[in-house]
Amino acid sequence: MQKENDILNSLSKKFPEIDISEAAVSVRKIYLSVPEEAFMNALKFLSAEFGFKNLCTVTGLDAGDGYEFIYHISDDEGVLMNLKFKTAGGDGVTIKSVLPIYQGATFYERELEGLLGVKVEGLPEGRQYPLPDNWPEGQYPMRKN
Amino acid sequence: MSKMIVPLGPQHPALEEPESFTLMLEGERVAAATVALGYNHRGMEKAAESRTYVQNIYLLERICGICSHSHSTCYVQTVEALAGAEVPKRAQYIRALIGELERIHSHLLWLGIAGHEIGFMTLFMYAWKDREIVMDILEMLTGNRINYGMNMLGGVRRDITPEQGQKVLEALDALEERTEYYKNVILQEQTVAIRTLGVGRLSREDGLRLGATGPVLRAAGVVKDIRKDDPTEVYNELDFKVATDEHADVYGRTVVRVTELMESYHMIRQILRQIPDGPLSVKVPNRIPAGEAAARYEAPRGEDFHYTRSNGTDKPERVKVRAPTLANLAAITHMIDGGFLADVPIVIAAIDPCFSCTDRMVRVKDASSGRDDVWNWDKLRQYSIEWHKKRGQDLGYRI
Amino acid sequence: MANLMSVGTAIFNILVYPGFLFLGVLSLVYEYADRIIYARLQNRVGPPWYQPVADLIKLLTKETVIPSEANNRLFRSIPTFAFAATAASFLYIPVWNNRSLLPFDGDLIVVMYFLTIPTLTFFLAGWYSSSLFAEIGGIRAMMQLFAYEVPFYMSLLGPAALAGTWSISGVSQFYREHPLLILINIPSLAVAIFSAQGKLERVPFDAPDAETEVVGGTFTEYSGRFLAMFRMMLGAEMVVVAALIAAVFSPFFIGGNAALGLFLFLIKVLAVVFLLALMRAALARFRLDQMVSFCWKVLTPVSLAQILLDLIIKGAL
């Protein structure tokens, strides 16, 4: 687990606002919460410095008091990093697209828009996914209200 | 030549499942392609939130008919990680055995489909006939041809006897001989080569950039296989090579899959040799401690990803599934662009798409809001009759 | 009175034997042969013997749907044209002896032209269906026509040049008298078999109705009895092409005995159908551009060389 801890330590060195004491680490898996402001830079840093070049998927969930977004990224050696951040709940939440870093993210982010009803900034126009075209507006299945 | 827009799907003979590609054609060449998905949306992730952990094994196993074991294994791994359960070695070996048999069945199925797409029906008939051998073996071991129901939280449901192991070995000999034959067909048959060589190219860089996975990526020379990179279960105790190829096209993907077949035979022989005696399962409590866990599994089509968040009750807070096809979709339009219309079916087929896996969720009826957007059967029927009448196609009978 | 008799015989010959009805029965028989051979080559059981008839009856009883956008009159009449052209060409092909029903010098050329008409009707059928897939299928059929037609003609012209006649009956008469000369024409036979697959739109040259690409191709919008007509026509075309190849390339004829002659004819056609089915089973579909370049770069030069060889040998004889 040397490598996993190294990654966490360099993260906290580079971004002092990230609190790694809450991180859960197991063999080849890291679960880490970061503040929303630090998220994009942390992602860029991990992708550039530690070779987390592959985005497995993005999980969006309604935690009750807000939305939580988990970006599952992996490197070539099998380490899976689960980087999380929280936002407010309800309508009108906007997050930034990770398309500049991970070009295969289109469908994952479109799914966030379709199922959780958040706006992803920087996502190209396109048909909604995975709900049908005649799906009633303002209804988002993955919300818990 | 003028441009022509061809819809490929949602229903089309080349596609085994509903999805929709819109192709802009210039003559026989594809100028632009867009993909629309969601026709198989069944609402599984939402449904998983209102079922117990045990019920979810059977729900998630039905995400896909082909890689059902991959999905259920991946899911139980997340739950076992949350519960801190240590799965007995014998159960792990049995899981790997079923997983590899499933890979054989999936790749043989794919080989047949590929033959169908390039108009080589004989290959289709041969491959599917031989696939019956492995289907019979799976039925003997698990009781089912697909959706095996082998996994349970903390282990597996059924044991294998030495006699069954012997039958598996006999079947492997037959399959190995047939696979050698297919390898020769693919390497030597000229019409197969000209239809696949250089078709649907996806370079190593593009594959990595667009997040492709599985045989699509390995055919571009990338050594990436979850069984090696993140070995769960017993894969680190097995000796196998990751099949790769440098062609980076449909031909390469075919070669990779056939090589993987050979590797799977090799692995199953090792599993049957090394499998230790012992219990089949450990007890996992109904209520899972709060926490989160992610797991990856090398499904026949590529990397399968599951994430489970628990809240301390007997039902999960969130289950997230990412099937390999979704990861490969971004690469699809890239591969179709600029190619021939005639190559589109085989290029799509070459990622071994599984759109049922990809679209998991369903439209949930919103009874409380009382909106009229969810039709009942009668209304749908009436609409259908009128729709056809309007187009002068009164079918004369009631749908 | 004798005049009336001969008119009666002529009508019988044209309508029943060896004309339309005979051709219809043959096309069903050989469709079955083709399907069962193909199935056995693929490790399948194959259909029962009455399957082609059952298919035909089923199609005839089905409702016919004509797209409202399609040109109604042409949509209905095109299958008839296709079948008529195929049936007419059969009248010039020898059946039980080496003389066809209505032989004349030059009937080889006429038959070839008759056999072009079905392909043209495919194009028209696709075009007037006003359906996307049918149109693409029609255009592909047309593009294929330009590719295989030349090698197909030339492969038949080589043997004809050696025989020194443009009559099919004359050609087969010539090879009956000089059976060994047929060995010279083997390259031509291969070309003829290959390009016949293009004419019949079968694997490897079935791009016009490749279901995985263009659904039903030309016939996407056809249903019921019009589709049945097309299917009959395709079966008949296969018999005509196989009989034509058999007549030009095989020296086995026995004069005098009509029954034995008919039996030999059936065997010869079966042999050609077997070759066609074998090819269908052993090969994958060519892409259209690959098919065109294969026809022009391989088949055409071979048949050209064959004609040259035949002319040289003709001079030497």
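Just so it is clear, none of the values below were taken in a lab; they were calculated from the coordinates. Computed from a predicted structure; not experimentally measured. FYI the Cβ positions are ideal-geometry reconstructions off the backbone, even for glycines, and counts take in every protein chain you see.
Points to keep in mind about this one:
- Rg/Rh for chain C, where both radii come from Cα atoms and Rh is the Kirkwood radius: 0.97
- Taken over the range B:44-331, the ratio of Cα radius of gyration to 2.2 N^0.38 Å equals 1.00.
- Antiparallel bridges, percent of DSSP beta bridges restricted to the protein assembly as shown (to nearest 5): 85
- The Rg/Rh ratio of the protein assembly as shown, with both radii computed over alpha carbons and Rh defined as the Kirkwood radius, is 1.05.
- The range B:309-339 and the range C:244-317: distance between their alpha carbon centers, rounded to Å: 54
- Around residue C:203: net Lys/Arg minus Asp/Glu count, Cβ-Cβ under 10 Å: +1
- In chain C, the longest principal axis of the Cα atoms and the axis of helix C:2-15 are about 50 degrees apart.
- Using Cβ point charges alone (K and R +1, D and E -1), the dipole size of the range C:2-316 about the Cα centre works out to roughly 460 debye.
- Tensor-based shape of the range C:60-139 (alpha-carbon gyration tensor, a/c under 1.5 rounded, otherwise prolate or oblate): prolate
- Summed residue charge, Cβ within 9 Å of residue C:166's Cβ, Lys/Arg positive, Asp/Glu negative: -2
- The residue among C:56, C:67, C:112 whose Cα reaches farthest toward the positive pole of the charge dipole of chain C, with charges on the beta-carbon of Lys, Arg, Asp and Glu, is C:56.
- Lys, Arg +1 and Asp, Glu -1 on Cβ, resulting dipole of the range B:44-331 about Cα centre, debye, nearest 20: 720
- Relative to the globular-protein estimate of 2.2 N^0.38 Å, the Cα radius of gyration of the range C:105-157 stands at 1.30.
- Separation in nanometres of the label points that stand 7 Å from Cα toward Cβ, at residue C:278 and residue A:77: 6.0
- C-alpha center-to-center spacing [the range B:279-300, the range C:146-196] in angstrom: 73
- Approximate spin-label separation residue B:26-residue A:25, in nm, with each point projected 7 Å along Cα-to-Cβ: 5.4
- If R0 is 45 Å, the Cβ-Cβ spacing of residue C:257 and residue C:130 corresponds to a FRET efficiency of close to 0.25.
- Candidates A:21, A:47, A:97: whichever shows maximal mean-square fluctuation once chain A is modelled as a Gaussian network with Cα springs under 10 Å: A:21
- A Cβ-based charge dipole, computed about the Cα centre of the protein assembly as shown with Lys and Arg at +1 and Asp and Glu at -1, lands at about 1540 debye.
- Residue B:49/residue B:337 FRET efficiency (R0 25 Å; Cβ-Cβ; nearest 0.05): 0.05
- Projecting the Cα positions of B:104, B:196, B:124 onto the charge dipole of the range B:94-236 (unit charges on Cβ atoms of Lys, Arg, Asp and Glu, taken about the Cα centre) puts B:196 furthest along the positive direction.
- Max mean-square fluctuation residue, GNM over chain C, Cα-Cα springs under 10 Å, options C:44, C:35, C:280: C:44
- C-alpha center-to-center spacing [the range C:206-229, the range B:141-189] in angstrom: 39
- Overall Cα dimensions of the range B:174-317, principal axis frame, Å, largest first: 59, 39, 21
- At full extension, residue B:145 and residue B:166 could sit 5.7 nm farther apart than now, given 0.36 nm per residue minus the alpha carbon distance.
- Kirkwood hydrodynamic radius of the range A:23-113, from inverse mean 1/r over distinct Cα pairs, in Å: 13.5
- Candidates C:21, C:244, C:108, ranked by Gaussian network fluctuation over chain C, Cα under 10 Å, top entry: C:21
- Shape class for the range B:1-160: oblate, because the ratio a/c of the largest to smallest gyration tensor axis (alpha-carbon atoms, square roots of eigenvalues) is 1.5 or more and b/c is at least a/b.
- Shape of the range B:155-219, Cα gyration tensor, a/c cut at 1.5: oblate
- Cut-off 13 Å between beta-carbons: net charge of the residues surrounding residue C:35, Lys and Arg +1, Asp and Glu -1: +2
- Approximate spin-label separation residue C:84-residue A:13, in nm, with each point projected 7 Å along Cα-to-Cβ: 9.0
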